[in-house]
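Contents: one structure, followed by commentary.
The values are calculated or read from the model by the stated rules, or taken from the named source; none is laboratory data. As the structure is a prediction and not an experimental result, all values here were calculated from the model. Please note: Cβ atoms are built from the backbone with ideal geometry, for glycine as well, and neighbour counts cover all protein chains shown.
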Amino acid sequence: MQSPFIAKEAAAADTPVFLFECNMTDGTAQRWSSQTIQWSGNQYAGRVLKHNLFEAQVASDTQIGGSPKLSFELANADSYFSTVEQQTGFKGAQLVVRSLFADTNTGMATSDAIVVFRGIVNSPEQITETTFRLSALNRMSMQRTQLPEVSVQRLCPWRFPATAQQRAEATDGSAVNKYSFFYRCGYSPDQPGGVGNLNGSNPYTSCAQTRSDCVARGMFSRDVNGNTTARYGGLEYVPASILVRGAGQKNYQLSNVQANQGVYNDPVPLIYGTQWHMPDVVFSRNDGNLTRMEVLLCMGEIQGVLTVLVNDIVIPQGVRGQNMTSTGWWNLMSAGQRNGNQDPNFGDGGSGPAGDPYGSLAYLSVVVPNQINDGSSIPTVQVLMQGMKLLTFDVNGSAIGAQFSSNPAWVLLDILRRSAYGLNEIDTASFAAAAAYCDGWVTIQSWVRSRFPVFSAISH
């Protein structure tokens with residue numbers, strides 16, 4: 001069929017109509033229009049009485065006027081929509097409105113369709129004996145999306161999968177599924193390949209997001225089958241003070257423990273590309289000679305850490321078996337995979353690490369001698385790091401996998417996916433084409449580099 005942009009220029013153009021497709025929360029679809037229209041194998045019932053969003057004619061080839069909110073009325077003389085509202089409910093349904101030209105005599109479309117509105121449906125605004133009024137918020141103008149999407153908090157921020165369908169989704173470890181609301185928790189003991197503890201013979205259906213609930217469900221470190229989990233994303237652990245005696249000291253004294261309360265409610269940053277970052281020190285404790293600390297970097301999964309400075313002094317990376325007490329050392333405890341890792345520097349009397357596992361969060365363990373920091377204050381830490389691995393696609397729109405990239409196309413795609421945009425709403429092949437252009441090599445005064453690299457952090 002011809003494009004609607006061409007069809008509208010015809011001397012005797014067919015009638016422009018709008019097709020409303022409402023995908024309900026139970027998986028069913030409702031389809032309406034101002035007249036009964038057949039398109040793409042589906043019938044759109046002539047139920048739309050009026051709407052406030054569009055003019056009767058497609059505006060132009062490059063832009064379609066619109067509003068952040070669409071209101072429309074449906075014919076409800078037979079109480080059809082009242083029944084749907086009682087049985088399923090319209091709130092939360094996804095609405096897609098398309099524009100095309102149609103022959104109203106035959107009820108058949110005569111042009112291709114273009115999407116002019118995507119939104120989330122609200123609860124009904126008015127129900128009468130003859131009409132049913134609904135409204136929807138435009139996806140592109142919904143300012144309720146917050147990035148970064150995770151803040152530092154004591155309770156685990158990950159959404160618990162409460163139903164079998166959600167647990168099946170949580171089990172999928174593919175790169176495409178890492179944006180699922182349930183992936184980071186991943187509780188799924190009743191699913192093939194799943195992890196977690198059962199509540200007797202049945203799965204748990206709720207979680208208070210506390211450390212104790214996470215332990216009971218087998219998601220804090222290991223489940224009853226020995227599967228590594230370490231998914232807890234809350235930061236509640238602060239080590240206790242201990243009796244210590246530094247080199248040259250005669251008497252024992254209580255160690256300095258610094259808990260950086262200021263980090264709570266701060267956003268967990270999103271780091272893209274290679275750059276210097278000043279991360280939060282979650283806490284530190286001095287043992288008389290060395291100050292040991294945990295440093296929250298950002299959301300994971302990251303590529304790695306290149307350089308660490310504490311109070312402007314370069315700290316080397318830890319080397320197993322080497323005495324580094326004079327220089328200090330750092331180790332990347334977790335790159336931010338959903339299976340985190342507890343810091344062995346903070347134990348519970350010999351039975352294993354006691355700290356938080358930082359599930360899906362990247363963090364460092366840093367140890368420095370007293371000459372750099374004696375534990376009496378929170379030190380300043382700077383990190384040169386390679387940021388997050390990003391989901392990429394090929395020119396056909398097929399997923400390649402997650403890889404480290406500073407390409408602005410993949411950065412934008414990551415931001416959209418974190419803002420709850422589904423792959424069905426995104427032309428991934430066009431992102432691949434844009435990424436190829438951005439990655440093209442250019443020479444600037446004998447310096448060869450990619451055309452448009454991004455080195456950025458979203459922290460507020």
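Residues in segment 426-437 that are aromatic (Phe, Trp, Tyr) and either surrounded by fewer than 17 Cβ atoms within 10 Å (Cβ to Cβ) or within 15 Å of Val115 (Cβ to Cβ) (or both): how many? Walk me through how you get there before you give the answer.
Residues of segment 426-437 aromatic (Phe, Trp, Tyr): 431, 437.
Right, trim to either surrounded by fewer than 17 Cβ atoms within 10 Å (Cβ to Cβ) or within 15 Å of Val115 (Cβ to Cβ) (or both) and you get 437.
Selection size over segment 426-437: 1.
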Set Ser180, Ser188: member being within 27 Å of Pro269 (Cα to Cα) and not assigned by TED's automatic domain parsing to the domain that holds Leu413: Ser180
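Here's the yes/no breakdown for (1) in a strand (DSSP E or B); (2) surrounded by 12 or more Cβ atoms within 10 Å (Cβ to Cβ); (3) in contact with a helix residue (DSSP H, G or I) (Cβ under 9 Å, 6 or more places away or on another chain); (4) at pLDDT below 95:
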site	(1), (2), (3), (4)
Val367	yes, yes, no, no
Ile372	no, yes, no, no
Gln382	yes, yes, no, no
Thr392	yes, yes, yes, no
Ala409	no, yes, yes, no
Asn424	no, no, no, yes
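Would you confirm whether any residue within segment 440-454 is of a type in the set (A, V, I, L, M, F, W, C), under 24 Å from Cys298 (Cα atoms) and assigned to a loop (DSSP other than H, G, I, E, B)? Before the answer, list the steps.
From segment 440-454, those of a type in the set (A, V, I, L, M, F, W, C) are 441-442, 444, 447-448, 452, 454; that's our starting set.
Pick out the ones that are also under 24 Å from Cys298 (Cα atoms) and you get 452, 454.
Imposing the further condition that a residue be assigned to a loop (DSSP other than H, G, I, E, B) reduces the set to 452, 454.
Yes.
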Count of segment 303-316 residues which are exposed (fewer than 14 other Cβ atoms within 10 Å of the Cβ) and not small (Gly, Ala, Ser): 4
Index of the failed condition, Ala402 passing every other in (1) at pLDDT 95 or above; (2) in contact with a Ser or Thr (Cβ under 9 Å, 6 or more places away or on another chain): (1)
Selected residue (criterion: farthest from the chain's Cα centre (by Cα)) from residues of segment 184-213 that are of a type in the set (Ser, Thr, Tyr) and under 9 Å from Ala170 (Cβ atoms): Ser188
Close pairs (6 angstrom Cβ cut-off, 6 or more residues apart or separate chains): in a strand (DSSP E or B) in segment 250-274, modelled with pLDDT under 85 anywhere: Leu254/Ser241; Val257/Ser241
Number of the exception - Asn339 against (1) within 17 Å of Val295 (Cβ to Cβ); (2) surrounded by fewer than 19 Cβ atoms within 10 Å (Cβ to Cβ): (1)
